[in-house]
Amino acid sequence: MRDQQDGGGAEETKPGRRRPFPSRPRRSRGNRRRRRSLRIDYPRGGRRGVRRWLPSWRQLLLLGGAGAAVLTGLLAWFYATTKVPEDLNSFATQQNNVYYWADGTEMARIGPTNRQEVPLGRVPEPVQWAVLAAENATFYSDPGISVTGIGRAVSEMVTGGETQGGSTITQQYVKNIYLNQRQDLSRKLSEIVIAIKLDDRMSKQDILAGYLNTSWFGRGSYGIQRAAAAYYGKDVSELDPSEGAFLAALLKGAGQYDPALGPENRKRAEDRWSWTLDRMVEVGKLSAAERATYTTFPEPKPQPKSAGLSGQTGYLVDMARAYVESHSDITPAQFDLGGHQILTTFEKPKVDALAAAVQDATKGIDPDNREADKLLKVGAASVAPDGRIVALYGGPDYLKQGFNNANTTTVPIGSAFTPLVYAAGLTEGVQLRRGGSRVPVTPASTYNGDDGANVMTPEGPYWGRDGKIAKTANDGKRSWGQVSLRSAMEQSVNGPLMQLGMDVGLDRVQKTAGDLGVLPGSMGELVPAFGVGNSTPSAIRAADAYAAFGAGGSHTDPYSVVKISRNGVPLGLQLPTAVQALPTAVAAEVDAALKGSVRDGAAKAVAEAGPGLAAKPGTTPDRTAGWIVGYNGQLSTAVTVFRADLKDMKLLSLEGLGGAAPDVPDTALPARIWTTYMKSAAGR
C-alpha cells in the first residue's frame with residue numbers, strides 16, 4: 001500500500017470498484033442562470049399532462065412578437081418593391097377580337113374597344129355622386145383603402161369562402177389598370193399597396209376621373225362617356241341623376257345588370273337603380289324632393305349590332321363568346337378589351353349549306369298574305385359525334401333578329417323525345433308493382449297501341465290535376481292494337497312510349513335524358529306528357545343527344561370553340577370529354593329503331609338524304625312545334641319550326657303553314673330542310 005501524495009497522488013481503490021472520473025471545475029451560478037434563460041423550456045419541464053404542452057404567456061408573447069416582426073418586415077419589403085405602373089392607361093390599347101372558322105380562315109373581326117376619355121368636369125356632379133354613393137361614399141375622406149373591407153375580403157379568400165369586393169374607388173381603379181380580376185392574396189396586396197401610393201401621389205379628382213374613364217360598363221364600352229352613348233345615345237354631360245344611377249349599377253357587373261340581356265337582369269338593374277338614388281339621399285347628395293321625381297326606370301336604348309355580324313355570323317360569334325366566358329377564366333371585361341384569337345368549331349361550307357336549305361324550303365312561306373305563315377321561326381343545328389357544333393341556323397339575319405332559334409329552350413321537342421324514353425327503358429327496365437322488382441324490357445316487349453288508352457301506374461289509372469284519367473294520344477288518333485316497342489319507335493306510335501316512361505319511372509327517364517346532355521332547365525314537368533316531349537331542349541342539345549345513339553352510347557357535351565389565345569399567347573380553355581352515357585347494346589338497339597324509322601317508318605320522308613340514316617320526327621299534341629332529329633354517322637342534325645312572337649314567346653299553331661292541308665304533318669317543313677342539308681353536307 002502506497003501513501004497518498006499531496007497534489008493528487010493515486011487514490012487506493014477497492015477491488016471491483018471503478019476509478020472515479022476526474023472532477024470538473026464547477027461553473028458559477030450566474031452562468032447556469034444564463035444557460036437556462038437562453039433555452040426554450042418546451043415541452044415545459046415540471047408540468048404533466050396537457051399543461052406540459054401548453055405554452056406559457058412568456059412563450060406566447062415571444063412567438064407573437066417574432067411573428068409580428070417578420071410580418072412587418074415582409075410588408076415593408078412588399079411595399080417598397082411594389083411599383084406604380086408608369087402609364088396607367090396603357091391597357092386601353094384598342095384591339096379586335098378575331099374569330100376563325102374551323103379551317104383557320106377568318107370569320108369575323110369584332111372591335112375595337114369602345115373607349116373615350118373625358119375630363120371630370122364634363123361628368124355632372126350628381127352622376128359622379130351616383131357612382132360614389134353606390135361604390136364608395138367615403139371616397140374623399142378615406143386613404144385609398146377600406147380597412148374593414150380589406151379585412152373581410154382577405155378573410156374570405158384565406159378561408160375559401162365567397163370572394164368579397166371590399167374595394168374603394170381607388171382600389172377598383174388600380175384593378176382596372178391592371179385588368180387582373182383574380183381573387184387571390186397576392187393580387188389583393190398589390191392592389192392595396194398601389195392604392196395607398198396613388199392616393200398619396202394623385203388628387204382625389206384625378207383618381208375619380210381615371211376610374212370613370214377606365215371602368216367597364218358593358219356593351220363593349222370602357223369609360224362613362226362611351227357608356228352614355230351606348231345606353232342613352234347622348235354625351236355624358238347630358239346625363240341626369242336617374243340615368244347616372246343606372247350606369248352606376250352596371251359597375252357591379254354589366255353582364256348581370258344590362259336589362260337587354262333578360263328579365264332577371266332587368267329586375268336586378270331596377271332594384272340597384274332605386275337603391276342608388278335612395279343612397280344619394282342618405283349621403284346628402286340628392287334631395288328627397290328630387291328623388292321623388294325619379295319613379296320611372298330610365299330605359300336604355302336597344303343595343304346596336306355590328307355590321308360584321310350579319311347573316312349567320314352573329315349567331316356563331318355570340319355562341320363562341322358565350323362558350324369562352326363560361327369555360328375559361330376570361331371575364332367579359334377582359335374579353336371586351338380585345339386582342340383575342342378564337343378558333344371555332346364552325347365549318348363555313350356546312351353553315352352555308354344549312355342556311356341555303358332553310359331558304360330553299362321556305363320559299364313558299366308568305367307572311368304578308370297568309371295568316372298561318374306569320375311569325376314563323378326556324379332553328380337548326382348540326383353536331384359531330386365528338387360534340388363539335390359544325391353548323392347552326394339561328395334565324396334569317398342576326399342584325400334583324402338577334403334571338404338564336406337554334407339555342408332556344410322554350411319549344412317542346414314533342415315525340416322526338418321518345419328515343420330517350422326507349423333508351424331509358426332498355427337500360428333500366430320497368431317496375432309494374434309498387435315495391436316490386438324491376439323487370440327487363442326488350443324491343444319485342446308489347447304495349448297497348450290504341451289511341452286514348454288509360455295511362456297506368458302500379459296502383460291504377462293516373463288521374464290528372466283536371467280530375468280526369470290521363471290518356472294516350474297517337475298522331476292522327478290512330479289505334480294500332482298491341483305493338484312492340486321497336487315498332488312503336490319506328491312508326492312513331494306515341495301511346496306505348498308514354499306508358500313506357502311511366503313504367504320505367506319518370507325520374508329515371510329524366511336521368512337518362514340528363515346523361516345525354518338535356519339541360520336541367522329545359523326538362524319538362526314529371527307527368528305522363530314527359531315521356532312524349534314536354535321538355536324543351538334546344539336544337540343544339542337535341543342533335544347532340546341523338547349523336548350518342550350512333551356513337552355506341554358515347555356522349556360529349558356540345559362545344560363551339562377549340563382554342564383561344566391573346567396576342568398569340570394561348571389561354572386556358574375547358575373542353576368537354578366523352579362519357580359513356582348508355583350501354584353499347586342499348587345504343588345499338590335505339591340506332592336500329594331509328595334506322596328502321598327512315599327505312600319504312602315515320603321518318604321515311606328523309607330517306608333520300610343518303611345511306612345509313614337514322615332519324616325521328618317530332619310533333620306536339622297542340623301542333624305548336626315540328627321537329628326532325630337524326631344522323632348519318634358523321635353528323636347529327638336537328639331542325640325545329642315553330643311560330644311565336646319573340647316578345648312573349650307564346651307558341652301558335654302550325655296548322656295550315658305554307659298553305660298546307662290540315663292533315664299535313666307539322667314535320668313536313670323540317671323534314672325538307674333536314675333532307676336538303678344532309679344530302680348537301682355529306683359531300684362537304
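The values are calculated or read from the model by the stated rules, or taken from the named source; none is laboratory data. Since this is a predicted model, take the numbers as computed values, not measurements. FYI the Cβ positions are ideal-geometry reconstructions off the backbone, even for glycines, and counts take in every protein chain you see. Just the protein is used for accessible areas: all its heavy atoms, side chains included, with ligands, DNA and RNA removed. Shrake-Rupley method; radii C 1.70, N 1.55, O 1.52, S 1.80 Å.
Those residues that are assigned to a helix (DSSP H, G or I) and either surrounded by fewer than 16 Cβ atoms within 10 Å (Cβ to Cβ) or touching a residue at least 24 places away in the same chain (Cβ under 8 Å) (or both), I need them from the range 593-603; list them, please.
Hits for the range 593-603 are 593, 594, 596, 597, 598, 599, 600.
Name every residue in the range 513-528 that is buried (at least 24 other Cβ atoms within 10 Å of the Cβ) and assigned to a helix (DSSP H, G or I), in order of residue number.
513
Counting just the residues of the range 548-578 that are open to solvent by 60 Å² or more (accessible area, probe 1.4 Å) and without any contact (Cβ under 8 Å) to a residue 40 or more places away in the chain, which one comes out farthest from residue 390 (Cα to Cα)?
If we take residues in the range 548-578 being open to solvent by 60 Å² or more (accessible area, probe 1.4 Å) and without any contact (Cβ under 8 Å) to a residue 40 or more places away in the chain, then 569 is farthest from residue 390 (Cα to Cα).
Do we find a residue being assigned to a helix (DSSP H, G or I), within 24 Å of residue 668 (Cβ to Cβ) and either open to solvent by 50 Å² or more (accessible area, probe 1.4 Å) or at pLDDT 95 or above (or both) anywhere in the range 312-324?
No.
Rundown of residues vs (1) over 30 Å from residue 106 (Cα atoms); (2) in contact (Cβ under 8 Å) with a residue 60 or more places away in the chain, yes/no style:
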residue	(1), (2)
234	yes, no
279	yes, yes
282	yes, yes
291	yes, no
298	yes, yes
313	no, yes
326	no, no
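Name the residues in the range 383-401 that are in contact with a Leu (Cβ under 9 Å, 6 or more places away or on another chain) and open to solvent by 30 Å² or more (accessible area, probe 1.4 Å), would you?
Answer for the range 383-401, where residues must be in contact with a Leu (Cβ under 9 Å, 6 or more places away or on another chain) and open to solvent by 30 Å² or more (accessible area, probe 1.4 Å): 385, 399.
Do we find a residue being charged (D, E, K, R), in a loop (DSSP other than H, G, I, E, B) and within 29 Å of residue 599 (Cβ to Cβ) anywhere in the range 478-494?
Yes.
Can you pull out every residue in the range 98-133 that is over 30 Å from residue 349 (Cβ atoms), in contact with a Lys or Arg (Cβ under 9 Å, 6 or more places away or on another chain), open to solvent by 70 Å² or more (accessible area, probe 1.4 Å) and modelled with pLDDT of 90 or more?
125
Take the conditions open to solvent by less than 50 Å² (accessible area, probe 1.4 Å) and at pLDDT below 95 and apply them to residue 474. Does it pass?
In short, yes.
Restricting to the range 633-678, count the residues that are modelled with pLDDT under 95 and under 18 Å from residue 599 (Cα atoms).
Qualifying residue count, the range 633-678: 1.
Out of all the residues in the range 249-279, which are open to solvent by less than 30 Å² (accessible area, probe 1.4 Å), of a type in the set (Asp, Glu) and part of a helix (DSSP H, G or I)?
none
Taking residue 468, is it surrounded by fewer than 18 Cβ atoms within 10 Å (Cβ to Cβ) and closer than 14 Å to residue 417 by Cα?
The answer is no for residue 468.
Six or more apart or on different chains, Cβ atoms under 6 Å: show the pairs whose first residue is in the range 100-129 and assigned to a loop (DSSP other than H, G, I, E, B) and whose second is open to solvent by 70 Å² or more (accessible area, probe 1.4 Å).
Note: pairs meeting the criteria are 101/348; 112/94; 113/94.
Of all residues in the range 226-248, which are in a helix (DSSP H, G or I), among the hydrophobic types (A, V, I, L, M, F, W, C) and surrounded by 24 or more Cβ atoms within 10 Å (Cβ to Cβ)?
Result: 227, 228, 245, 246, 247, 248.
If you check 585, 581, which single one turns out to be among the small types (Gly, Ala, Ser) and open to solvent by 60 Å² or more (accessible area, probe 1.4 Å)?
Every option except 585 fails the conditions.
Output the residues belonging to the range 201-225 that are in contact with a helix residue (DSSP H, G or I) (Cβ under 7 Å, 6 or more places away or on another chain), open to solvent by 10 Å² or more (accessible area, probe 1.4 Å) and not in a helix (DSSP H, G or I).
216, 219, 220
Can you pull out every residue in the range 349-382 that is buried (at least 18 other Cβ atoms within 10 Å of the Cβ) and out of contact with any Leu (no Cβ under 9 Å at 6 or more places or on another chain)?
The answer is 353, 355, 357, 358.
How many of the residues making up the range 610-643 are of a type in the set (Gly, Ala, Ser) and either open to solvent by 10 Å² or more (accessible area, probe 1.4 Å) or out of contact with any strand residue (DSSP E or B) (no Cβ under 9 Å at 6 or more places or on another chain) (or both)?
Total meeting the criteria: 3.
Say whether the condition of being hydrophobic (A, V, I, L, M, F, W, C) and closer than 27 Å to residue 141 by Cβ is met by at least one residue in the range 250-261.
The answer is yes, given that some residue of the range 250-261 is hydrophobic (A, V, I, L, M, F, W, C) and closer than 27 Å to residue 141 by Cβ.
Determine, yes or no, whether residue 534 is in contact with an Asp or Glu (Cβ under 9 Å, 6 or more places away or on another chain) and farther than 15 Å from residue 456 by Cα.
When the stated conditions are applied, residue 534 passes them.
State whether the residues of the range 294-305 include one that is open to solvent by less than 10 Å² (accessible area, probe 1.4 Å) and within 24 Å of the chain's Cα centre (by Cα).
Checked against the condition, which is being open to solvent by less than 10 Å² (accessible area, probe 1.4 Å) and within 24 Å of the chain's Cα centre (by Cα), the range 294-305 yields no hits at all.
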